[in-house]
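*Asks:* I have a structure here, written as structure tokens, and I will follow up with some questions on it.
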Amino acid sequence: RMREVDLGCGKALLIKESGEFHAVGHKCPHYGAPLVKGVLSKGRVRCPWHGACFNIGTGDIEDFPGLDSLPRFQVKIEKEKVYIRASKQALQTQRRTKMMAKCISLSNYNLSSTNVLIIGAGAAGLVCAETLRQEGFSDRIVMCTMDRHLPYDRPKLSKSMDSHPEQIALRPKEFFRTNDIEVLTEMQVAAVDIKSKIAVFKDGFKMEYNKLLIATGNTPKALSCKGKEMENVFNIRTPEDANRVVKMATSKNVVIVGASFLGMEVAAYLAERAHSVSVVELEEVPFRKFFGERVGRAVIKMFESNRVKFYMQTEVSELREQEGKLKEVVLKSGKVLRADVCVVGVGAVPATGFLKQSGINIDSKGFIVVNKMMQTNIPGVFAAGDAVTFPLALRNNKKVNVPHWQMAHMHGRIAALNMLAHGTEISTVPYLWTAMFGKSIRYAGHGEGFDDVVIQGDLDELKFVAFYTKSDEVVAVASMNYDPIVSKVAEVLAAGRTIRKRDVE
């Protein structure tokens, strides 16, 4: 069992498992969830909100999201009493950054060569760099990104749209300096020459590498209709995009094209700020492929009660302007919507075009194909994050693409361990969440191709859990206001156990 105990200047999580006592930080370092409400199982505690896992003996993070581990406190048993000894600082910060190695070759390197080159500075790239340093790697690490910012929390762009880059930075500037992780911003790789191990940048700069990680993520799809180039039409890719949309949308008419996670989160965020918010979607119900028909309808109801209008089973035929600015969105159904701002959320494609001639194996959809060690078909070249397809242990090693935050972290860690020849295979359970109107839907597993949904609770009250089954097996679970059920299911699946349909019925 677990108990939150107050030590006067802060709290600790006291855990008793198999007769042993452990004490660690009580808050998840990711977004501060109370771990006492999480799931304790076989030596680790799993966060109730987003599924991060921590070792109860060491406090180390074992599954993501988040970058830091928990502080660990001393426990002593004397005469039936439990004593915890903790530093005030650890109790106040409630997080611990793992020790990292220093780079010893910094003074004598050649500017245009590095031991590890990481293309992309999202969660996968950053976790890879940090893991290398945590594991004692002391050679040069260079990350490069097209973005102008150091790595930041991209899921926040659509959930809290007026965040500044500094507020959502994953690590402060000093962190990169202290741990000798170099980040080249606004640098785009145009080609990779795998024979001579050289990355060629768009501006002509060349960099030699020994090991390479490709973690370029994906690129938002644009609309293909007339008027898509107008300045009030946005894809949300950077903090600047999100900030500009909020500014322009305040008290104005907003049309969102695509009831994707991004589209719906933006709609929810703008609902109380804009004059009107309309969502245009090709499907009949939002999230149908993901959450199923009934959950999708419950979500629509929640949005409609917050004044969001839906135009389903139609698409945009043209964007009309007046004096160079967006004025109307014309739908194929003939309906014309007033619009001052249009946000496009119609999906994304992997950002792998620059690898076409490289010899690195890419599938028909543009995803980089990797094995369980995140290795591509080329020795020394790894790939991670939204741009890859990898074998998912949970679904009999079926090759899947899971473009989510937790998975990108895990990919980055596995890639780093295998750059160091640890032979570690990926076996994590996908875990994701979406937040709309202050409510979260949590989700674990991989539900692709589910053939039935077993729902418990009350969809109208938005308090439910949905189990997604394929033939007789639960392949995924989603919930709202029902914690920590999703973390419990994730823990059962992570242990390699099968949940049958009759068990949940």
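*Asks:* Under 8 Å between Cβ atoms, which residue pairs at least 6 apart in sequence (or on different chains) link something in the stretch 231-255 that is open to solvent by less than 60 Å² (accessible area, probe 1.4 Å) with a partner that is acidic (Asp, Glu) and not in a loop (DSSP other than H, G, I, E, B)?
*Replies:* Phe234/Asp241; Asn235/Asp241
*Asks:* Let me ask something else. So, Ile141, is that one open to solvent by less than 10 Å² (accessible area, probe 1.4 Å), more than 18 Å from Ser112 (Cβ to Cβ) and of a type in the set (A, V, I, L, M, F, W, C) or not? Explain how you work it out, then say what you get.
*Replies:* Working: open to solvent by less than 10 Å² (accessible area, probe 1.4 Å): yes; more than 18 Å from Ser112 (Cβ to Cβ): no; of a type in the set (A, V, I, L, M, F, W, C): yes.
Criteria not met by Ile141.
*Asks:* Select from the stretch 1-36 the residues that are touching an Asp or Glu at 6+ places or on another chain (Cβ under 9 Å) and loosely packed, with under 15 Cβ neighbours inside 10 Å and list them in ascending order.
*Replies:* Across the stretch 1-36, the qualifying residue is only Arg1.
*Asks:* Restricting the search to the stretch 31-67, which residues are in a strand (DSSP E or B) and among the hydrophobic types (A, V, I, L, M, F, W, C)? Quick ask: steps written out before the conclusion?
*Replies:* Step one: filter the stretch 31-67 for residues in a strand (DSSP E or B), giving 34, 39-41, 44-46, 53-55, 61-63.
Residues satisfying the conditions are Val39, Leu40, Val45, Cys53, Phe54, Ile61.
*Asks:* OK, next. Quick check on my filter: what residues within the stretch 368-391 are in a strand (DSSP E or B) and under 17 Å from the mean Cα position of the chain (by Cα)? Give the derivation first.
*Replies:* Going through the stretch 368-391, the residues in a strand (DSSP E or B) turn out to be 368-369, 375, 381-383, 388-391.
Result: Ala383, Val388, Thr389, Phe390.
*Asks:* Give the residues of the stretch 385-400 that are under 13 Å from Ala124 (Cβ atoms) and open to solvent by 20 Å² or more (accessible area, probe 1.4 Å), sorted by residue number. I'd like the intermediate steps shown before the answer.
*Replies:* Going residue by residue through the stretch 385-400, those that are under 13 Å from Ala124 (Cβ atoms) are 385-388, 390.
Of everything in the stretch 385-400, just one residue is under 13 Å from Ala124 (Cβ atoms) and open to solvent by 20 Å² or more (accessible area, probe 1.4 Å), namely Asp386.
*Asks:* Let me ask something additional. Return the residues of the stretch 148-183 that are of a type in the set (Gly, Ala, Ser), assigned to a loop (DSSP other than H, G, I, E, B) and open to solvent by 20 Å² or more (accessible area, probe 1.4 Å); say none if nothing qualifies.
*Replies:* Taking the stretch 148-183 and keeping what is of a type in the set (Gly, Ala, Ser), we get 158, 160, 163, 169.
If we keep only those that are assigned to a loop (DSSP other than H, G, I, E, B) too, we end up with 160, 163.
Hit for the stretch 148-183 is Ser160, nothing else.
*Asks:* Does Val277 satisfy the criteria of being buried (at least 18 other Cβ atoms within 10 Å of the Cβ), under 28 Å from Glu461 (Cβ atoms) and touching a Lys or Arg at 6+ places or on another chain (Cβ under 9 Å)?
*Replies:* Working: buried (at least 18 other Cβ atoms within 10 Å of the Cβ): yes; under 28 Å from Glu461 (Cβ atoms): yes; touching a Lys or Arg at 6+ places or on another chain (Cβ under 9 Å): yes.
Answer is yes for this residue.
*Asks:* List the pairs whose first member sits in the stretch 201-221 and is farther than 18 Å from Ala124 by Cα, whose second member is of a type in the set (Ser, Thr, Tyr), and whose Cβ atoms are under 7 Å apart, counting only residues at least 6 apart or on separate chains?
*Replies:* Lys206/Ser112; Met207/Ser112; Met207/Ser113; Met207/Thr114; Glu208/Ser112; Glu208/Ser113; Tyr209/Thr114
*Asks:* Which residue pairs have Cβ atoms closer than 7 Å, lie 6 or more positions apart in sequence or on different chains, and pair a first residue in the stretch 122-136 that is more than 17 Å from Thr185 (Cβ to Cβ) and open to solvent by less than 10 Å² (accessible area, probe 1.4 Å) with a second residue that is basic (Lys, Arg) and at pLDDT 95 or above?
*Replies:* Val127/Arg413; Thr131/Arg413
*Asks:* Taking into account only those residues within the stretch 68-87 that are assigned to a loop (DSSP other than H, G, I, E, B) and either among the charged types (D, E, K, R) or surrounded by fewer than 10 Cβ atoms within 10 Å (Cβ to Cβ) (or both), which is nearest to the chain's Cα centre (by Cα)?
*Replies:* Taking the stretch 68-87 as the starting set, the residues that turn out to be assigned to a loop (DSSP other than H, G, I, E, B) are 68, 70-71, 79-80, 86-87.
Of the ones still in play, those that are also either among the charged types (D, E, K, R) or surrounded by fewer than 10 Cβ atoms within 10 Å (Cβ to Cβ) (or both) are 68, 79-80.
Numbers: Asp68: 16, Lys79: 47, Glu80: 44 Å.
By that ranking, first place goes to Asp68.
*Asks:* List every residue pair whose Cβ atoms lie under 9 Å apart, where the two residues are 6 or more positions apart in sequence or sit on different chains, the first residue falls within the stretch 289-301 and is at positive phi, and the second residue, located anywhere, is open to solvent by less than 10 Å² (accessible area, probe 1.4 Å).
*Replies:* Every condition considered, the pairs that remain are Gly292/Val285; Gly292/Gly447; Gly292/Ala466; Gly292/Tyr468; Gly292/Ala478.
*Asks:* Can I ask one more? Among residues belonging to the stretch 466-480 that are open to solvent by 20 Å² or more (accessible area, probe 1.4 Å) and touching an Asp or Glu at 6+ places or on another chain (Cβ under 8 Å), point out the one that is nearest to Val295 (Cα to Cα).
*Replies:* The residue in question is Lys470.
The values are calculated or read from the model by the stated rules, or taken from the named source; none is laboratory data. All figures in this text were calculated on a predicted structure; none of them were measured in a lab. Here Cβ is always computed from backbone atoms with ideal geometry, including for glycine, and neighbour counts include all displayed protein chains. Side chains are part of the model used for accessible areas, which takes the heavy atoms of the whole protein and leaves out ligands, DNA and RNA. Shrake-Rupley method; radii C 1.70, N 1.55, O 1.52, S 1.80 Å.
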